[in-house]
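The structure appears right after this line, and notes come after that.
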Amino acid sequence: MNLFDYVRPASVAEAVAAASAPGAAYLAGGTNLLDLMKAGTHRPARLVDITRLPGLDAIEVLPDGAIRIGALVTNADLARDPAFVAAAPAVAEALLSGASPQLRNAATVGGNVMQRTRCAYFYDPDSACNRREPGAGCDAHGGDTRGQAVLGWSEACIATHPSDFCVPLVALDAVVEIAGADGAREVALEAFHNLPGDDPANETVLRPGELITAIRLPAEAARFKAHARYLKLRERTSYAFALVSAAASLAIEDGAIVEARLALGAVAAKPWRARAAEPHLVGVSVTAAGFEEVARRAAEAALQEARPSGDNARKIELAMRVATRALVLAAAGSPARMPALPGSVFAPVPTLTAAGDVHG
Amino acid sequence: MADIIPTPTGHVRLGSNAGQPLTRRDGVLKVTGAATYAADNRPDGLAYAVFAHSSVARGRVTSLDVDAAKVHPGVIEVITPANRPPLGRDPDGKAHMFSWRTEALQNDTVRYAGQPIALVVAETLEAATEGARLLAPRYAAEPARIGFDAGEAYDPPAVGIGSPPNFAKGDVEAGFAAADQVTETRIETPLQYHNALEPHAIVAAWDGDRLTVDVPSQAIAMARNDFAAYFEVPPENVTLRSPFIGGGFGSKAILNGPQLLCVLAARMVGRPVKLAVTRQQMFGHLGHRGATRQHLRLGVDGEGHLTALEHNAISTTSSFDDFLEPAANASHNLYATPALKTHHTGVRVDTGTPGPMRAPGEASGSAGLECAMDEAAAALGLDPLEFRLRNYSETDPASGKPFSSKALRECYAEGASRFGWAGRPLAPRQMRDEAGCLVGWGVGTAMFPAPMFQAKARATLARDGTGLMEIAAVEMGQGALTALAQIAADGLGLDGDKVELRAGSSELPDGGIAGGSGHTATAGSAIFAAGSDAVRKLAELATRDEASPLFGAGNAGVVGRAGRLHRADDERRSEAYGDILQRAGLSHIEGEGAGARDPADAAEYAMFSHGAVFAEVKVDPDLYQIRVSRLVGAFAAGRIINPRLAKSQLTGGMIWGISFALHEDAIHDPRTGRPMNADFAGYHVPVNADAPSVEAFLVEEVDRHVNALGIKGVGEIGVTGSAGAIANAVWHATGVRPNRFPIRIEALLH
């Protein structure tokens, strides 16, 4: 690990100033950054420890019904906040499907959005990686590509974003609140992460020194609370990144879908909002016999642009199946209580009630 | 355990302490952090060593920026082939059968990724780590040879540790010609790295020409002698301390290069030096299970009896040393067949040299054999358990010798009953759970040899009524300190809380190797003999002493129990050990004992532990995620010293079977040879949620030949049978025969 400066600012303004220097990195939970530093993947010249900044660790319901989650709220605290779980059950399910209790106790909301890809070639300092070192090349091409992207990738980079949390968030139109030297601004989460294009190192829209202060879930997200699920496919039942995942949220009136949201995880360099799928679901009766076929058509639309980035063509079919299942599960309703295996295909499926609303 | 199990005749009997399901004697030490592992040692003046490792798999190191490392604050010394002092033994030599060729900076050659290429010693771990990075090695690299097809095939002189590579009995081609059915099974198993929870570590300190090393070792005396040879000091000048090991699984039985470099560094800088490898560095020089590609042919007649069994295995090894996973040998001793042929081919690839990893050969070979048996049974339309029973061997198929004991039939019955095997539909895809998941049931036979090594022990009975047992035994999480203390207490005729067991140091009598599932049998035999010897001497004192109530009882006429000697023919006449010693004017009395296999028994009998494993899997019918919902094993392993610990070993082995079947898979980039998932985020082993119900049951077995105590072993057998049972259950659930471990979602997708 390289020698680095360590600073602990007292305010957001001080933090932004301290982090505007080249080579600076924010440190919060450190669950990803410290691993990257130990591996030599990331060698910041300065760590700006934001864990003691005041006012960034609250979960607030705003007057308009939106929920504002401070950037320093831990994954564990958010996933167990009763009001939040009631309003956004699929987000809580996604959080609890990720990592381990120890990691969730340390990891923060802002850090989750900022986590780096798990691409082995990005992690390995001896491999060529355009994301780590612009212009170096991409050794992931032609390597082990099982976990690599099938959507939005480029010749320069085929890595995926590993977050579970971000997948339902992007489905629910979450907003990222940002502080910077020029004041505060906000960006839709869907627009926050960049696809790799020719410049995969440019991972997000953040400008130097900018700090995520909160994630905001708009009030309308609550419309989906009765029909929201997150489904995560992987070999290991827990404590593994997704091979592919999906978040499905449905707003249902009189048994028919009035609005649908679908997002996919681990398929692209960003949490993938599958907008192409959503119109296929509007107006459809969730109790009709053919719902699964409709869901499948929507999932196929979601993956229409997908193409393998290596020996991972089967990931496309798996993504369609996971998306289909997530939609079917969402149609059946959010579970009355958090499944013992959150996000797992082995979580029990709730029985669909006539009202299509088992969450109360 | 029933009292009909014979115990050695003499003054003490096994069974008062032994056989009890005691909790771990060292449990509190371990859960409170008071147990000292090698890396926990921090002697005064300690310096830290980190080795730089190669990022290419083949070639030469052409430059190292030693100056850059040396000027980094805190760096004390940089060792490279250019300044590495001589060693008393060639690291590329094979001094004995447990010598692996290793890298101790003897030259600039690179033979696999992760190989140590320099050592940096510094005031702090962080400075040493950064110093190693600053070396910025450059290479003249050659293309890596990774995988069965890229590597160079050859006929190995031996497989495993000194086993013949090929075997034949009867005429397999005639057997296939006479068969009503011939099935072929092809299956591959990946490279697996041991990855004990405790990564390897060593702390070395010199005092003149005396060396102390704190290092986890499964073979304490052997390692002590090896260190002495490398550093050209008498063995008695080396003290090796290994009181606790955080898992070994075979990787801590063999000396490795970085250990030598750490000791060298301590001598060069004149300070104690610690070297603790990182998790990532566990994927390189510390051994692994080589990959196998297996091909089996089974000929079966109309009655479901094997007419021929052929098992071929291709096993990977390194470019510079030979350890072939002896997978095909798993077919030697299990199923009855008139014709048996096994064959191994080696493939040289650019990885480190494989080594023994929990059930080496038995694990991978059992996975192949049990899949093949299942495939043959299904083709016959026969229940797979019934098929195994029809091919039950009453004598060892390879040697024709009788088994020293074999309660496998009872294991099948107990396991099937506990699992609820009856009524299993023959065809696949017949069962669903309430959530709609496909459900499948599979069975596999478990088997593992019951070897013994050689061990010695020293026993002391003290006037205060306590006993001391000294032996360089190895506590590596398996519970040796507890089980061996139980044997010690019985051997000394004392209650368990009166006995101290000193283990884990080369200052003690040689406890042999903690490997091959033979430690309890070997060290236990030595311990019991030593205790018996001390009690015998005490009995001699008492029966010759007119003042003793035991006077005249005759040397064979007294028994030791709970710290007193009793007349065998009159329990009321007894005397405390301490009183006998006091009257004799002795502070203590010592006994000695040795443990080893009786050569006559070894010549006459085939000796194995057996078991039957039953697996239930649930598989999502569209997404194909697999979960082992139940795993039930029944095992017969001779006398069980501690049922609680034995079950813990067996269930741990069965969970390893889940790991083998569904998770562990070291991925090496085919171009560079670098392991690309060299951490626990990428190299998966099961978590609790993957093992919701794992149960091991013990089946009683009396063995009068394996050793005087009737002890076999339980350390490795749980891995065998389990992986195959799970694969067979996956077939039963899905109708898809896996052709590679671990079984991936994509392999089932259709």
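Structure above, values below:
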item: Long-range HN-HN contacts of A:Ala214 with modeled amide H, under 5 Å; result: A:Ala71, A:Glu177
item: Positive minus negative residues near B:Ala488 (Lys, Arg vs Asp, Glu; Cβ under 13 Å); result: -2
item: Inverse of mean 1/r across different Cα pairs in the protein assembly as shown, Kirkwood, Å; result: 31.8
item: Virtual spin-label span in nm between B:Arg186 and A:Glu14, 7 Å along Cα→Cβ; result: 6.7
item: Accessible area in square angstrom per residue, segment A:66-210, 1.4 angstrom probe; result: 33
item: For segment B:44-176, with +1 on Lys and Arg beta carbons and -1 on Asp and Glu, the positive-most of B:Tyr154, B:Pro73, B:Tyr112 along the dipole; result: B:Tyr154
item: Sparse-neighbour loop sites [GluC sites (Glu not before Pro); segment B:534-600; at most 14 other C-beta within 10 Å; DSSP]; result: B:Glu546
item: Accessible surface buried once A binds B (1.4 Å probe; total of both sides; Å²); result: 3300
item: Theoretical FRET efficiency, 1/(1+(r/R0)^6), r = Cβ-Cβ of A:Ala219 and B:Arg60, R0 45 Å, to 0.05; result: 0.10
item: Rounded Å value of the spacing that divides the Cα centres of segment A:305-343 and segment B:649-686; result: 25
item: Assigned charges on the beta-carbon of Lys, Arg, Asp, Glu; segment B:475-628 dipole about Cα centre (debye); result: 280
item: Accessible area expressed per residue, segment A:272-325, with surrounding protein chains retained (probe 1.4 Å, Å²); result: 47
item: Distance from segment B:492-519 to segment A:21-92 (C-alpha centre basis), Å; result: 51
item: Apportionment of accessible area to carbon and sulfur, segment B:253-389, percent (1.4 Å); result: 52
item: Segment B:635-750, accessible surface, carbon-and-sulfur percent (1.4 angstrom probe); result: 53
item: Selected from B:Ala542, B:Ala603, B:Leu468, residue furthest toward positive end of dipole (segment B:460-608; charges at beta carbon); result: B:Ala542
item: Phi to ³J(HN,Hα) by Karplus 6.51 cos²θ - 1.76 cosθ + 1.60 over segment B:673-679, Hz, x for Gly, Pro; result: x, 6, x, 9, 10, 8, 7
item: Per-residue HN-Hα couplings for segment A:253-265 [Karplus 6.51, -1.76, 1.60; θ = phi - 60°; Hz; x = Gly/Pro]; result: 10, 6, x, 10, 6, 9, 8, 10, 10, 9, 9, 10, x
item: With DNA, RNA and ligands ignored, accessible area of B:Lys341 (1.4 Å probe; Å², nearest 10); result: 80
item: Prolate/oblate/rounded label for segment A:161-317 (Cα gyration tensor, a/c 1.5); result: oblate
item: Solvent-accessible area per residue for segment B:665-750 (1.4 angstrom probe, square angstrom); result: 29
item: Reachable lysines, given that their alpha-carbon falls under 30 Å from the alpha-carbon of A:Lys232 and they are not under 8 places away in the same chain; result: A:Lys38, A:Lys270, A:Lys315, B:Lys618
item: Charge dipole magnitude, Cβ of K and R +1, D and E -1 - segment A:1-81, Cα centre, debye nearest 20; result: 340
item: Chain-alone versus full-assembly comparison, segment A:233-254, residues with accessible loss of at least 50 Å² (1.4 Å probe); result: A:Glu235, A:Arg236, A:Thr237
item: FRET efficiency, 1/(1 + (r/R0)^6) with R0 56 Å, evaluated for B:Asp622 and B:Ala158 via beta carbons; result: 0.75
item: Distance in nm between pseudo-label sites at B:Asp495 and A:Ser100 (7 Å out along the Cβ direction from Cα); result: 4.0
item: Complex-versus-alone comparison for segment B:678-709, residues with a loss of 50 Å² or more in accessible area, probe 1.4 Å; result: B:His684, B:Val687
item: Cα lying deepest toward the dipole's positive end in chain A, options A:Pro271, A:His141, A:Leu206, charges on Cβ; result: A:His141
item: Residues of type aspartates and glutamates that A:Lys225 reaches as a straight line, Cα spacing below 16 Å, ignoring anything fewer than 8 places off in the same chain; result: A:Asp81, A:Glu93, A:Asp173, A:Glu253, A:Asp254, A:Glu259, A:Asp357
item: Surface share of carbon and sulfur [accessible, 1.4 angstrom probe, percent] for segment B:5-164; result: 52
item: Sequence-distant aspartates and glutamates (8 or more away, or on other chains) whose Cα lies within less than 17 Å of B:Lys498; result: B:Asp26, B:Asp464, B:Glu470, B:Asp490, B:Glu575, B:Asp579, B:Glu590
item: Cα-Cα over 22 Å, subset of B:Lys401/B:Lys712; B:Lys456/B:Lys647; B:Lys647/B:Lys712; B:Lys341/B:Lys401; B:Lys456/B:Lys537; result: B:Lys456/B:Lys647
item: Using a Förster distance of 60 Å, the FRET efficiency for A:Ala313-B:Arg267 (Cβ separation, nearest 0.05); result: 0.60
item: Approximate spin-label separation A:Asp57-B:Ser319, in nm, with each point projected 7 Å along Cα-to-Cβ; result: 5.4
item: Cα centroid of segment B:355-422 to Cα centroid of segment B:43-68, whole Å; result: 48
item: Debye, to nearest 20: dipole size of the protein assembly as shown, +1 on Lys, Arg Cβ, -1 on Asp, Glu Cβ; result: 460
item: Degrees, to the nearest 10: A:313-332 long Cα axis against longest axis of chain A; result: 60
item: Protein-protein interface of segment B:411-435, residues with accessible area decrease of at least 40 Å², isolated chain reference, 1.4 Å probe; result: none
item: ³J(HN,Hα), Karplus 6.51/-1.76/1.60, whole Hz, each residue of segment A:31-36, x for Gly, Pro; result: 5, 9, 4, 5, 4, 5
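The values are calculated or read from the model by the stated rules, or taken from the named source; none is laboratory data. Treat the numbers as computed from the prediction; the structure is a model and nothing was measured. So basically every Cβ, Gly included, is an ideal-geometry build from the backbone, and we count neighbours across all protein chains shown. To get the accessible areas, we keep the full protein, side chains included, count just its heavy atoms, and leave off ligands, DNA and RNA. Shrake-Rupley method; radii C 1.70, N 1.55, O 1.52, S 1.80 Å.
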